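What follows is calculated from the coordinates using simple rules that are stated; it is not laboratory data. Small disclaimer: the values here were computed from a predicted structure and weren't measured. Cβ: placed from backbone, ideal geometry, glycine included. Neighbour counts: every protein chain shown.
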Amino acid sequence: MTINHHGSTAVITQDKTSLIEFSKKFGVLYERFKSEDLIIHLIDVSVGSLEDLVSLAAKHSISKHCFVIVNADLNQEDFENLIIIPTLQEAHDFIEMEVMQRDLGI
């Protein structure tokens, strides 16, 4: 797992671990990031499910921060409670727009 910060956004990238291992590790570390906008960059989603991330995303949305998953292989339409975006740049753009809307009270 690689963690990078870009302003108030944390980008957490899955490295050489399975989705199952990544979700468990991120679940343990989540409290460190609960007050930041999050981009979760998943490299390999072939083994495991996104259930743990769905529950963290729901918890994170209560705090009025973004929780975005980046993966080109996942389809947004398959996940009702997740924001899935195909590229990192689009994820940063999405969060930028969300922050503007929060600042404007929209």
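Extension gain, Thr17-Glu80: 0.36 nm per intervening residue step, less the Cα-Cα distance, totals 20.2 nm. Note that segment 1-91 shows a convex hull volume over its alpha carbon atoms of 89 Å³ per residue. Note on the chain: antiparallel DSSP beta bridges, both residues inside, total approximately 30 percent of the bridges counted.
Dipole of the chain computed with +1 at Lys/Arg Cβ and -1 at Asp/Glu Cβ about the Cα centre; of Gly27, Ser61, Thr9, farthest Cα towards the positive end is Gly27. When the helices of the chain are scored as -39500 (n - 2.57) per DSSP H run of n ≥ 4 and the total is divided over every residue, the value at 222 nm lands at -12000 deg cm²/dmol.
Restriction of the trypsin sites (Lys or Arg not before Pro) in the chain to DSSP coil positions whose beta-carbon has at most 11 other beta-carbons within 10 angstrom yields Lys16, Lys64. Can you tell me how segment 48-106 classifies by the Cα gyration tensor, rounded, prolate or oblate, using a/c under 1.5 as the rounded cut? Oblate, since a/c reaches 1.5 and b/c is not below a/b. Between Glu31 and Ile3, the modelled label-to-label distance comes to 1.3 nm, taking each label 7 Å out from Cα in the direction of the beta carbon.
For the chain, the longest principal axis of the Cα atoms and the long axis of helix 19-29 meet at an angle of about 50 degrees. A DSSP coil position with no more than 11 other Cβ atoms inside 10 Å describes the following GluC sites (Glu not before Pro) in segment 24-106: Glu80.
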